[in-house]
Structure formats: structure tokens, C-alpha cells
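Take a look at the structure below.
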Amino acid sequence: MGNYFENNDKTLCCGCRGCELICPTSAISMIEDNEGFMYPFVDEDKCIHCGMCVKVCPIKDGGYTNDLVSSEPVIYGAYNKEKTVLEESTSGGAFTGIIDSFFEDHILVCGAIFDDDFFVKHLLTDDINLFSKFRGSKYVQSDLNNSYSEIRKSLRKGSKVLFSGTPCQVAGLKAFLGKEYDNLLCVDIVCHGVPSPKIFSMYKEYLQDKYKSKLANINFRDKSIKGWDTPYMTIEFENGNKLKSIGYDDPYSMGFYKKLFQRPVCHSCPFSKVPRVSDITLADYWGVENTNPEFKNNRGTSLMLMNTKKAQMLYDKLCKNLVLGNAILADAIKYNPQLAKATDPNPKRPEFMVDVKSGYNFKKLEKKYFKRRSFLKRFLSIILNKETKIMIKKIFKV
């Protein structure tokens with residue numbers, strides 16, 4: 001497989017910044033390419049060829065592997081006992097439940113947030129007032145900035161750290177640290193590929209220009225309208241305007257679901273498999289109505305894979321904040337296929353990116369690639385529940 005530094009193969013870089021942060025001579029800087037993704041650039045005048053950058057790369061030689069994980073994880077369905085947390089979370093509020101389970105101890109949490117300008121970045125904090133910012137999906141690649149270095153310093157001081165990210169970000173952290181820490185708990189998500197920050201910035205500019213106002217809030221998975229089964233994309237502006245649409249009809253969400261602008265490495269991800277690289281893996285508990293119907297909660301249900309002994313020993317603590325029910329690995333993979341395989345590329349992705357490089361703005365991209373469903377389909381999506389839609393699809397074999 002090799003590594004990114006041998007031939008700058010973009011399918012071998014997840015953009016974790018580990019190589020940049022580990023370099024003893026600061027010879028590596030992260031540079032944005034014309035698709036909007038960050039890649040390491042080596043200043044040969046500063047490079048001493050120590051090989052540290054390759055050593056900490058999580059993608060090299062087939063990807064970082066965690067020797068502490070179990071080949072067969074313990075799996076639960078979960079939803080938060082706190083109604084407000086459940087409403088504000090993407091699925092069942094399991095991540096907040098994990099944080100709260102450690103609340104009696106001093107703990108640092110590192111996860112993805114929106115900043116004031118709606119850029120997605122990782123934040124390391126012990127401020128409980130900021131923990132709510134970690135809730136909710138953010139369908140953009142997060143900038144890890146110097147999180148790995150800050151986490152290493154905190155761990156060496158003996159602080160307890162909870163890190164949350166995509167599988168490659170967890171693998172990147174583990175490779176950067178170079179050893180296991182008892183005071184570190186890692187949580188990854190079942191990932192469908194990380195979208196380009198550049199495309200998201202183009203989308204934000206398009207919205208602000210169209211509605212003549214800055215953004216005030218973005219919710220990729222708003223459950224307050226029709227519940228967890230039919231998440232809405234809701235956008236609020238500072239001038240009071242609001243947009244609400246089923247996710248499949250929002251142009252940016254449509255591009256994400258169609259996999260038109262995910263990072264190249266995502267389509268050959270070495271971490272989309274079981275066993276996982278983290279202590280705990282989180283996902284939506286899709287298919288719960290078929291596999292465990294009595295456990296379904298229309299406000300959201302999470303799937304939790306407890307991958308290590310460290311995670312499995314937390315059961316009693318987690319029960320204080322989460323309702324837990326047993327689940328089966330085969331069912332989890334059936335309804336969350338990215339647990340076991342990388343997300344497939346869209347054959348139109350190369351053409352899409354050529355248009356981006358040639359200067360298409362988001363409005364022009366929307367016209368060519370993000371065509372809305374017919375009025376009838378959108379209307380039926382709004383008035384029908386999930387079970388009825390499934391029945392109709394079976395009848396007409398759609």
C-alpha cells in the first residue's frame with residue numbers, strides 16, 4: 001500500500017495532521033488542494049528525513065490497527081434518558097450519555113463543533129457549558145488543528161480525555177500518541193465519508209447571498225418536525241428567515257448522500273470494518289423497527305459497539321444516563337453497511353470536481369447536479385410515515 005509521502009497519492013491521506021504535528025523541524029505544512037481538502041507539503045530545505053511523518057501516518061501499510069479491540073464487540077441500542085439531550089442529538093444522544101457517565105470525574109472532551117462562522121473544527125475543553133456543542137451531525141470534514149498535541153500533553157499530565165471523531169481521526173490520534181493510555185477513551189462514528197470544507201463554504205456563501213443574511217444556525221438532522229425517521233435540514237438566518245426541507249431535497253445534503261464531494265481516501269477507507277479502531281463506535285440504530293421493534297424510539301435510537309474491555313467495563317456507569325438494549329452485529333452491519341465496507345464513489349465525482357476547479361459557483365453546481373425530486377415525491381415524503389413509504393416501494397418495486 002505504501003504511504004502518501006512516496007508519491008502524493010491522495011487515496012492514502014486522511015488529513016489528520018499527525019505528520020505535521022510530529023515533525024521535529026516543522027518541515028510539514030498542510031495545504032488546501034483545489035477540491036478543498038488539506039494535504040501535507042514537505043519543505044525539503046527543513047526536512048531531515050527522520051521518517052517520523054511516515055511512522056505516525058494511520059493509513060500506511062493498510063491502516064493503523066488497535067490490538068486492544070475485540071473481534072466481536074458487545075453491541076447495544078441506546079437512547080438518552082434526558083428528553084432535551086435526546087431532542088438535540090442526531091440519533092439517541094449516546095455520546096452525551098458517555099460524557100455524563102464520566103461527570104463525577106474531571107474530564108477533557110475533544111470533539112467536532114461549529115465555530116461562530118460555521119466552520120467545523122475539533123475543540124478540546126473541560127467546560128461543561130460547551131459540551132452541548134458536540135451534539136448533532138456535521139457533514140463536513142473537521143479541522144483537527146493541534147488537537148493531537150493538546151491531547152498528548154493532557155494525557156501525560158494524567159488528565160482523563162474523551163476523544164470523538166471519524167475512524168481515521170481516531171486512528172490518527174492513536175498512531176500519533178504511539179502508545180496506549182489508560183486515561184484515554186476514544187469514540188468513533190460509522191462514517192459515510194467526509195465532505196469537502198470548500199464545497200460547504202460555497203454552500204454557505206450561496207445561502208447568505210440568496211437570503212441576504214448571515215447564518216444563525218444549521219441543523220443537518222432536525223428531528224423536531226417529523227422525528228428521527230425523517231430528518232429535516234433546517235437553516236436559520238440572522239434576519240429571521242428559516243429554511244426547512246427533508247434532507248434529500250437540500251442541495252448540499254443531496255450532494256453528501258450522493259457522495260459527490262467526499263475525500264478521495266473515503267472510498268478505500270481501511271477503517272470501515274469490524275474490528276474497529278476505537279473503544280466505542282456510535283451510529284444510528286437503523287433497522288431497529290425490524291430487528292428490535294420494542295426498543296424503537298421515534299426521537300432517536302443510537303447503536304453502540306463496545307469494542308474494548310475498557311469500554312465494556314463502563315456498562316453500569318452508562319446505565320445511569322442511557323436506556324440500553326442488546327443488539328446483534330449482523331443486524332447492525334445490514335442496516336449500517338459502512339460498518340464493514342468503505343462508501344462507494346459516485347461515478348460523477350470526477351466530473352463534479354472538474355467543474356469546481358473550473359470555477360462553477362454553488363448555484364451552477366446545484367442546477368447541474370442537485371435536481372430536486374418532483375413535487376409529488378416531495379409531497380408524499382412529507383405526508384407519509386416511514387412504514388407506509390417502505391410498503392409502497394415494495395408494492396411498486398421502486
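Laid out as a table, the results:
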quantity	calculated
Residue ID - nearest to Ile75 (Cα to Cα), chosen from residues in region 344-354 that are surrounded by 16 or more Cβ atoms within 10 Å (Cβ to Cβ) and at pLDDT 95 or above	Asn346
Condition broken by Glu87, with the remaining ones in (1) buried (at least 16 other Cβ atoms within 10 Å of the Cβ); (2) outside any loop (DSSP other than H, G, I, E, B); (3) acidic (Asp, Glu) satisfied	(1)
Cβ pairs under 7 Å, 6+ apart, first in region 27-38 and closer than 18 Å to Phe352 by Cβ, second part of a strand (DSSP E or B) and among the aliphatic types (A, V, I, L, M)	Glu32/Met38
Region 213-230 residues that are more than 15 Å from Ser302 (Cα to Cα), paired with ones that are of a type in the set (S, T, N, Q) and surrounded by fewer than 20 Cβ atoms within 10 Å (Cβ to Cβ) (beta carbon under 7 Å, 6 or more apart)	Ser213/Asn239; Ser213/Asn241; Lys214/Gln208; Leu215/Gln208; Asn219/Thr234; Phe220/Ser137; Asp222/Thr234
Region 255-302, subset in contact with a Pro (Cβ under 7 Å, 6 or more places away or on another chain) and assigned to a helix (DSSP H, G or I), residue surrounded by the most Cβ atoms within 10 Å (Cβ to Cβ)	Phe256
Candidate set: region 201-241, residues that are modelled with pLDDT of 95 or more and among the aliphatic types (A, V, I, L, M); chosen: the one surrounded by the fewest Cβ atoms within 10 Å (Cβ to Cβ)	Ala216
Scan of region 322-365 for residues that are in a helix (DSSP H, G or I), in contact (Cβ under 8 Å) with a residue 60 or more places away in the chain and farther than 30 Å from Arg299 by Cβ, ordered by number	Arg349, Phe352, Met353, Val356, Lys357, Phe362, Lys363, Leu365
Filter result (touching a residue at least 40 places away in the same chain (Cβ under 8 Å), over 20 Å from the mean Cα position of the chain (by Cα) and in a loop (DSSP other than H, G, I, E, B)) within region 1-26	Met1, Gly2, Asn3
Residue in region 112-125 that is without any contact (Cβ under 8 Å) to a residue 40 or more places away in the chain, aliphatic (A, V, I, L, M), surrounded by 18 or more Cβ atoms within 10 Å (Cβ to Cβ) and more than 30 Å from Gly255 (Cβ to Cβ) present	yes
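The values are calculated or read from the model by the stated rules, or taken from the named source; none is laboratory data. The model shown is predicted, which means the values in this text are computed figures rather than measured ones. Glycine gets a Cβ as well: all are built from the backbone with ideal geometry, and neighbour counts include every protein chain shown.
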